[in-house]
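I have placed the structure first, in the form of structure tokens, so that the comments after it can refer back to it.
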Amino acid sequence: MSVAPISAVVTSSVTPTAYVSSASPAGTAAAGATDGAFASTLASSVDSLQAMQANTDQLAVKAVTGNLSDVHDYTIAATESAVAMELTSTVRNRAVEAFNEIMRMQA
Amino acid sequence: MGTFGAIGIAGSALGTYRKWLDAVSDNLANVNTVRSTSETAFQARYIVAQANDSQGGDGGGVHVAGAAFGSAEGRIVYEPNNPLADADGNVRYPDIDMASQMTQLIMAQRGYQANAAVVDRAKELYTTALQIGRS
């Protein structure tokens, strides 16, 4: 029984798959864009939360200096910023939870 | 208004009812304001409430469009002992009905309370939404 010798692999004959070479960078870019979208959404919601709390602080200063015309303005602003704070922290916690879930994945 | 639409709308209503309360308070404070017949009487203040047009992108709610004033004639009362009385012994009282003002006071208070309840419920509602999926 004769064994055919292994012929050398001619590398030039192997063509890289067009799918991987072209799709890979595009896929990474797309993933990056999605990450950026979430990050920017979170960042903008943190910004708006900060603006809300700044408004609440201003109203609190008005309240103690006697310049507050409407009592409910302050209490409503305080309520809104408290709920917004809770919302932002919930979104952030869920994101971290999802990340941890992914990190725990095993093949 | 964004996320907290209901709270913002109820807040605008709270402002309107607060102003109504102010108007009623002013009317009650001046219910016995006497003037001489050569002057106009104290005119009752009334609040003109107007809906915020949601087509304008304001997202609903209400605002005070302005104030309306009651009769400038008032009531002519015969009080010869009053230092402001004219030659015929008449003075001018404002044309304010105290019972009507007290009724409006209750309406303003109840309206304010209702909208404060809306704020509370809306906050409760948003908090419930945040509890979804929380183990």
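The values are calculated or read from the model by the stated rules, or taken from the named source; none is laboratory data. Only a predicted model underlies this, so the values are computations on that prediction, with no experimental measurement involved. Quick reminder, even Gly has a Cβ in these numbers, built from the backbone with ideal geometry, and neighbours come from all protein chains shown.
If you check B:2, B:60, B:15 for being within 14 Å of another protein chain (Cβ to nearest Cβ) and in contact (Cβ under 8 Å) with a residue 24 or more places away in the chain, only one passes: B:15.
Checking each residue in region A:86-102 for being hydrophobic (A, V, I, L, M, F, W, C) and either more than 9 Å from every other protein chain (Cβ to nearest Cβ) or over 25 Å from residue B:123 (Cβ atoms) (or both) picks out A:91, A:95, A:96, A:98, A:99, A:102. If only residues of region A:37-70 that are of a type outside the set (D, E, K, R) and not in a helix (DSSP H, G or I) are counted, the one that is nearest to residue A:82 (Cα to Cα) is A:68. Checked against the criterion of being more than 18 Å from residue B:93 (Cα to Cα) and without any contact (Cβ under 8 Å) to a residue 24 or more places away in the chain, the candidates B:22, B:26 yield just one match: B:22.
Being within 11 Å of residue B:92 (Cβ to Cβ), at pLDDT 90 or above and either within 14 Å of the chain's Cα centre (by Cα) or not β-branched (Val, Ile, Thr) (or both): is that true of residue B:45 here? So residue B:45 fails the test.
Tell me whether region B:16-28 contains one or more residues that are buried (at least 18 other Cβ atoms within 10 Å of the Cβ), in contact with a Gly (Cβ under 6 Å, 6 or more places away or on another chain), within 21 Å of residue A:74 (Cβ to Cβ) and not aliphatic (A, V, I, L, M). Yes; the residues of region B:16-28 include at least one that is buried (at least 18 other Cβ atoms within 10 Å of the Cβ), in contact with a Gly (Cβ under 6 Å, 6 or more places away or on another chain), within 21 Å of residue A:74 (Cβ to Cβ) and not aliphatic (A, V, I, L, M). The set of residues in region B:98-119 being surrounded by 13 or more Cβ atoms within 10 Å (Cβ to Cβ) and not aliphatic (A, V, I, L, M) consists of B:101, B:104, B:109, B:111, B:112, B:115. Summed over region B:63-88, the residues that are surrounded by 13 or more Cβ atoms within 10 Å (Cβ to Cβ) and in a loop (DSSP other than H, G, I, E, B) give a count of 9.
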